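Colleague: The structure follows.
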Amino acid sequence: MENGLGKYIEDGNGKVTRVIRVGTRKSQLARIQTDSVAEKLKDLYPEVHTEIVAMATTGDKILDTALSKIGEKSLFTKELENALERNEVDLVVHSLKDLPTTLPLGFTIGAVLKRENPHDAVVLHPKNAGKTLHTLPEKSVIGTSSLRRAAQLKKRFPHLEFKDIRGNLNTRLKKLDEKDDFSAIILAAAGLRRMGWESRVSQLLGPEDCMYAVGQGALAVEVRARDRDILDMVSVLHDPETVLRCVAERAFLRHLEGGCSVPVAVHTEIKDSQLYMTGAVFSLDGSDSIKETMQTSLVMDTQEEEGSSDDPQHVGITARNVCSRDQASAEKLGVDLACLLLSKGAREILTVARQLNDAR
């Protein structure tokens, strides 16, 4: 049965249980990620029943075009957000890197879970076992659908060639293993780990080779901002360090007005109550780039003020249990770093990258 507050089920003994409907993409990785969040909610709230609602998104359906060419900011999120808006689901689990830095009105990210390894990984064709990007033969073809990865790796490994590869993780690995089109493909290490395919990682790419995408490796739970009970429920899933790093990263990307159609990369870490952030923009071939690092001090105070009714958002994230001063500092760091890059010519690099990408 349903009422204005959601869906409920009644067992044979007359006991009524709240059902939390969790929206997700249909891919195996998306389901694994969503199931992990649902399990955490069940552990925290045994009295609540979760129901998974899987659907295909635009990004899942258009597989013959590079992501950067489709020109839609919400490729993997729009259909899920439509279901959230229609009250067909109560929350949605996303890879945070898929979520635009500006969310539709009325939505917020109610939880950012502890980040997996955010770095990219090299997966080699079986015939190249034991090699690295450095030792692959001249003109070896590397598959990646990411302008960010290609721009950085073209500069670092000029002897390699790069070609688009689309599809979910399973599809891309199949294309690599069963054909001779690619010598290797570049994938997010986090996805491989969640799928249980860590053994396929031939090489992890550190920041000196390839900085990662904004939000990469983190899971986000998107909810309706007005649903305070759902917001309360999911907010305990927040990982404070991940929240602060991702607030800085998202603020950086938003201020640059970047997206998947331009090569923007980041690297963040928290050490000794300092949040360090490196951000970079690249031309499509990697020959032109601007990279800078900044830092800010954090209070790391977990005794946050209680009872606040306004629930401030920082780049679309509502994190009640994370020090609001630190969130503001992290957001300012991202904006300041973006301003520094823009003052050094980042806008020109990104404008040319967009134009060249549109013309391809």
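Throughout, read-outs are computed from the coordinates displayed, never taken from laboratory work. None of the values given here were measured: they were computed from a predicted structure. Quick reminder, even Gly has a Cβ in these numbers, built from the backbone with ideal geometry, and neighbours come from all protein chains shown.
Colleague: Could you check the spin-label model distance between Gln355 and Lys78? Points 7 Å from the Cα along Cα→Cβ, value in nm.
Modeller: 2.7 nm
Colleague: Going by average Cβ density within 10 Å per residue, which order do the peptides 183-193, 345-355, 149-159 take, highest to lowest? Present the calculation step by step, with values, prior to reporting the outcome.
Modeller: Details: 183-193: 22.6, 345-355: 17.0, 149-159: 20.1.
Top to bottom by mean Cβ count within 10 Å: 183-193, 149-159, 345-355.
Colleague: Restricting things to alpha carbons, find the Rg to Rh ratio for the stretch 173-246 using the Kirkwood radius for Rh.
Modeller: On the way: Rg = 17.3 Å, Rh = 15.5 Å.
Answer for the stretch 173-246: 1.11.
Colleague: How high is the relative contact order of the stretch 108-244, in percent, with contacts defined as C-alpha pairs under 8 Å that are six or more residues apart? Numbers along the way, then the final one.
Modeller: Values: 228 pairs, mean separation 63.9, N = 137.
Once normalised by length, the contact order is 47 percent.
Colleague: Which of the listed residues, Leu133, Gly110, Val201, is farthest toward the dipole's positive end in the stretch 108-207, when Lys, Arg count +1 and Asp, Glu count -1 at the beta-carbon?
Modeller: Looking along the dipole axis, the top candidate is Gly110.
Colleague: Could you compute the net charge surrounding Arg156? Neighbours are other residues with a C-beta less than 14 Å from the C-beta of Arg156; K and R count +1, D and E count -1.
Modeller: Numbers: positive: Arg148, Arg149, Lys154, Lys155, Lys291; negative: Asp120, Glu161, Glu208, Asp209, Asp285.
Once all neighbours under 14 Å are counted, the net charge is 0.
Colleague: Computed from these coordinates, which is mean projected area of the Cα convex hull in nm²: (1) 19.2; (2) 22.4; (3) 21.1?
Modeller: (1)
Colleague: Quick one: which of Lys40/Lys332; Lys155/Lys344; Lys26/Lys127 span more than 26 angstrom between C-alpha atoms?
Modeller: Details: Lys40/Lys332 32 Å; Lys155/Lys344 20 Å; Lys26/Lys127 31 Å.
Check vs 26 Å cut-off fails for Lys40/Lys332; Lys26/Lys127.
Colleague: For the chain, give the magnitude of the charge dipole about the Cα centre (Cβ charges: +1 Lys/Arg, -1 Asp/Glu; no others), in debye to the nearest 20.
Modeller: Values: 49 positive and 53 negative charges, 267 e Å.
Once rounded to the nearest 20, the dipole reads 1280 debye.
Colleague: Now for a separate question. With the convex hull built on the Cα atoms of the stretch 213-360, state its orientation-averaged projected area in nm². If you can, show how the numbers build up before the last one.
Modeller: Working: hull surface 38.5 nm².
Mean projected area of the Cα convex hull: 9.6 nm².
Colleague: If you take the beta carbon distance between His134 and Met300 as r and set R0 to 41 Å, what does 1/(1 + (r/R0)^6) give as a FRET efficiency, to the nearest 0.05? Don't skip to the end; give the middle numbers.
Modeller: On the way: r = 39 Å, r/R0 = 0.95.
According to the calculation, E is roughly 0.60.
Colleague: OK, next. Could you pull out the GluC sites (Glu not before Pro) across the stretch 194-282 that fall in loop regions by DSSP (anything but H, G, I, E, B) with no more than 13 other Cβ atoms inside 10 Å? Before the final figure, lay out the partial values.
Modeller: On the way: sites: Glu198, Glu208, Glu222, Glu241, Glu249, Glu257, Glu269; in loops: Glu208, Glu257.
Filter output for the stretch 194-282: Glu208.
Colleague: Let me ask you something else. List the relative contact order of the chain as a percent without decimals, with contacts defined as Cα pairs under 8 Å and 6+ residues apart. Provide the component values of the computation, followed by the final result.
Modeller: Details: 724 pairs, mean separation 67.4, N = 360.
Relative contact order here is 19 percent.
Colleague: Would you kindly work out the equivalent ellipsoid of the stretch 214-261 from its C-alpha gyration tensor and give its semi-axes, the square roots of five times the eigenvalues, largest first in whole Å? Walk me through the numbers before you get to the answer.
Modeller: Values: eigenvalues 109, 35, 17 Å².
Computed over the stretch 214-261, the values are 23, 13, 9 Å.
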